[in-house]
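K.L.:
Attaching a single structure in structure tokens format; questions to follow.
The values are calculated or read from the model by the stated rules, or taken from the named source; none is laboratory data. Given the structure is predicted, the values throughout are model-derived calculations rather than measurements. Quick reminder, even Gly has a Cβ in these numbers, built from the backbone with ideal geometry, and neighbours come from all protein chains shown. The accessibility values were calculated without ligands, DNA or RNA, using every heavy atom of the protein model including side chains. Shrake-Rupley method; radii C 1.70, N 1.55, O 1.52, S 1.80 Å.
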Amino acid sequence: MNVDTLIVGFGIAGLNYAEQLRSYNKSFIVMAPDEESASHLAAGIVNPTVLKRFNPVWKAAAFLEYALPFYSNLGEQIETQVMHPLPIYRILSNIQEQNDWSVASSRTSLEKYLNKQLISKDEFPEVRAPFGFGEVIQSARVDTKKLLSHYIQKMIPNQFISEKFEHKSMIHGEWIGYKDIQARQIVFCEGYHGVENPYFNYLPLIGSKGEILIIKCDQLTEEFIFKGPIFLSPMGDNTFWVGATFDREDKTTRVSGEGKAWLLTKLKQFLKLPFEVLEHKAQIRATVIDRRPLLGRHPKHENIYLLNGVGTRGVLMSPLLAKWLFQFVENNIELPAETDIKRFEKQYFRN
Ligand SMILES: Cc1cc2nc3c(=O)[nH]c(=O)nc-3n(C[C@H](O)[C@H](O)[C@H](O)COP(=O)(O)OP(=O)(O)OC[C@H]3O[C@@H](n4cnc5c(N)ncnc54)[C@H](O)[C@@H]3O)c2cc1C
């Protein structure tokens, strides 16, 4: 079978690259094993702000303006709503934070995203917030699990191969050969598993583990995402996503007693209602040493590409990152320098 592109990996990055190819009528195959990835476990929160320090995320406006209509249109195409616009209510810890919020919400880079008007603690008596809330507007939740499964069924049922790609079986020359597939180029979107990819394992993909809980809480509103020391985000049917831990040492997806205890302690600091824990899970975020994505072409092989390192903001960033990479691969349009893996070539790449 001959195709333009073989995509390896089908998390949110692989899906977004597939969608670029599909929308430009390029032929492609996606290969990924049937296993849960970081994209399946993510809360799917699309948030243009950093709520620890009240800053915009890097290139917030560009990513958000591309991502929101992208997910909304894609939902229509796969006939399932996958994007749910939801404000984030940031619990303010003290008077200093109230003041910081007021200052931040007047900054030009943030005024579109932060409501200047503070929200009173009395709005949500079920949530402990003696200093009230700051509201993030233009935020959303993308149901990544639903998106990934429906996209395969509706858009690429005959272009998806459910198996792990074995790098050692790949033949590279003018074409990429893998079993019976011949592709003009290959794009690796393997998330943290990229550390096992012999073509790109020179890159400083560090990874950070996140543990989460899914809880059931019958009386809590499903209209808002709450952000205290951790996120509490509605998932439908009175279930909520609670997370996450952040661990750079342990690179396994095993859940831990300490992780669960930490999450429960943080949750009980602000949720006053009774709840039941339904699930406890962990995955690894593909984080990079300089906190910027990893896009680009292999230093030696013209037709081997990478879309990785989307870190803690993969849902927000992947649509535009996939577009940038597509334009680079197909039309030779330069990548933003901060994203291009060339930045690491001198320091890390050895022949
Ligand atoms: C707990 C937690 C919460 C998060 N919450 C959010 C959030 O709210 N908002 C947000 O924007 N981001 C969030 N993130 C980050 C987000 O999950 C990631 O940025 C994003 O999902 C990474 O997508 P990816 O496609 O690069 O990698 P992954 O989702 O890890 O997908 C990699 C894919 O590659 C496949 N693969 C790997 N190796 C091979 C191989 N050899 N052959 C074939 N296939 C292979 C895997 O099976 C998988 O399909 C969260 C992450 C975690 C862990």
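K.L.:
List, please: which pairs have Cβ atoms under 6 Å, are six or more places apart or on different chains, and start with a residue in the stretch 293-305 that is closer than 24 Å to residue 57 by Cβ and end with one that is basic (Lys, Arg)?
P.N.:
Note: no pairs meet the criteria.
K.L.:
Checking the conditions here, which among 27, 37 is assigned by TED's automatic domain parsing to the domain that holds residue 156 and under 17 Å from the mean Cα position of the chain (by Cα)?
P.N.:
Only one candidate qualifies: 37.
K.L.:
Going through the stretch 207-248 one residue at a time, which ones are within 11 Å of the ligand (Cβ to nearest atom), part of a loop (DSSP other than H, G, I, E, B) and of a type in the set (S, T, N, Q)?
P.N.:
245
K.L.:
If you take the residues in the stretch 296-335 that are assigned to a helix (DSSP H, G or I) and aliphatic (A, V, I, L, M), which one is farthest from the ligand (Cβ to nearest atom)? Outline the logic, then answer.
P.N.:
Taking the stretch 296-335 as the starting set, the residues that turn out to be assigned to a helix (DSSP H, G or I) are 311-331.
Next, from what is left, pick out any that are aliphatic (A, V, I, L, M): 315-317, 320-322, 325, 329.
Working: 315: 3, 316: 5, 317: 7, 320: 12, 321: 9, 322: 10, 325: 12, 329: 17 Å.
So, considering only residues that are assigned to a helix (DSSP H, G or I) and aliphatic (A, V, I, L, M), the one farthest from the ligand (Cβ to nearest atom) is 329.
K.L.:
Going through the stretch 153-172 one residue at a time, which ones are open to solvent by less than 40 Å² (accessible area, probe 1.4 Å) and either assigned to a loop (DSSP other than H, G, I, E, B) or touching a strand residue (DSSP E or B) at 6+ places or on another chain (Cβ under 8 Å) (or both)?
P.N.:
Hits for the stretch 153-172 are 156, 165, 170.
K.L.:
Could I ask something else about it? Among 196, 222, which is in the same structural domain as residue 261 (by TED's automatic domain parsing), surrounded by fewer than 18 Cβ atoms within 10 Å (Cβ to Cβ) and either over 20 Å from the mean Cα position of the chain (by Cα) or modelled with pLDDT of 95 or more (or both)?
P.N.:
222
K.L.:
For the stretch 27-132, list the helices (runs of 4 or more DSSP H) that sit wholly inside it and hold at least 3 residues that are open to solvent by 60 Å² or more (accessible area, probe 1.4 Å) and within 16 Å of the ligand (Cβ to nearest atom); which are they? Step through it out loud before you land on a result.
P.N.:
Values: elements: 38-41, 60-77, 95-104.
Correct list: empty, since no element meets the threshold.
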